[in-house]
Each structure stands twice: as structure tokens, then as C-alpha cells.
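These notes are about the structure you will find just below.
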């Protein structure tokens, strides 16, 4: 194999949706991953799914088709990047209480903010409009880089978001933009606290 040829892909996805019988899904999904050399970690719960996997590009296409064959996941959004090899060494499909370890308890999935594209965020910056941008990633991730004027609260893990939301409550009447690595933490954070 040519070391520079990107024959693999890494797939990131999540979806909050009411999902019945995650245990049955886990067993079927794990078998599918083994049969198609898909590696990574997938968390499934009654509240939805959250996964990051890698595989040969043709196997990743099969994986997307398999996942979207479930009615709950037919419209799931995938983020895909090319790779020169597997990004993971093992395959884990686990049933969890939450698809993101946040310890928030019950989350109202009907409340969410509007998603912004990169172009829409640039327009917001260029407009001069008054808004607050909050980094929902942990402190390690924020130190690597962040958006212009972003507030980067001190967080070791996303479970710290409960405390952070309380600290940021003065911004609840302002336009607030949150961001994270894949979208799930800022989505969950906005659903839980709706500021």
C-alpha cells in the first residue's frame, strides 16, 4: 500500500432520537462492523447514537448504508475525512445511559439552537453584530486553538458544562453561538440549558 494514498476514511456522526432496544442494535451492529473491518467506538442509548469509526472507503460506504437503513437514523448527518490507515485499533459498540457522558439527566430534545455554516458564522463576525461565542470543548482542546473572541470556560470534561452554564447565565438574553469538535457537545449543552 502506498503510504500517502488515502484509501481509508474516518466517519463521525451522532443523532439524538428516541431509539428502542439498543441492546439488539448493539449485537447486530457489532457483527456488521466485524464483517466489514470497521473499527472505532459507537455509543447507543435510548436517546440516540454517537460514533466515530474508520475503514476502507468502500467499507465506510457500506457502513453508512447499513446505519441509514434503520428508520431512526435515515437522515443522520455524517462528517467524513480521508485517511491513509485505520484511525482505531479496536471496535466497540456499547450501550450507555447517555451518548455523551454529561450526567445532565433528562434532556428536552425539542429545544435546540439554529445550526450555522462556516459561511454564516463569518457573516456574523463581519456584520459587527453583538454576539457571544462560547467554546464547548475542554480546556486542552481550547488551548490548541479557538475562534476569535471566544469565551473558553475552564472545563476538564463536558460534565463541567453544568457549572459553566451557571457561570454564563448573564449571556442568556444575548445571541449566543457555541461550538465544539463535532457538534454534539454544543448541541447537547444548548438543549440542556437553553440560554
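The values are calculated or read from the model by the stated rules, or taken from the named source; none is laboratory data. None of these values were measured; they are calculated from a predicted model. Note: ideal-geometry Cβ built from the backbone for every residue, glycine included; neighbour counts use all protein chains shown.
Please give the strands (runs of 3 or more DSSP E) falling wholly within the stretch 17-107 in which 1 or more residues are surrounded by 19 or more Cβ atoms within 10 Å (Cβ to Cβ) and in contact with a strand residue (DSSP E or B) (Cβ under 9 Å, 6 or more places away or on another chain). Reasoning before the result, please.
Numbers: elements: 39-45, 48-56, 78-83, 91-95.
Filter on the stretch 17-107 gives 39-45, 48-56, 91-95.
Six or more apart or on different chains, Cβ atoms under 6 Å: show the pairs whose first residue is in the stretch 130-149 and more than 21 Å from residue 173 (Cα to Cα) and whose second is in a loop (DSSP other than H, G, I, E, B) and modelled with pLDDT of 85 or more.
Close Cβ pairs (under 6 Å, with a partner that is in a loop (DSSP other than H, G, I, E, B) and modelled with pLDDT of 85 or more) amount to 139/154; 142/152; 146/152.
Which of the residues spanning the stretch 153-175 are under 11 Å from residue 132 (Cα atoms) and assigned to a loop (DSSP other than H, G, I, E, B)?
Listed by number, the residues that qualify are 168, 172, 173, 174, 175.
The rows are residues; the columns are (1) at pLDDT below 95; (2) within 30 Å of residue 167 (Cβ to Cβ); (3) in contact with a helix residue (DSSP H, G or I) (Cβ under 9 Å, 6 or more places away or on another chain).
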{"position": "49", "(1), (2), (3)": "yes, no, yes"}
{"position": "54", "(1), (2), (3)": "no, no, yes"}
{"position": "100", "(1), (2), (3)": "yes, yes, yes"}
{"position": "130", "(1), (2), (3)": "yes, yes, no"}
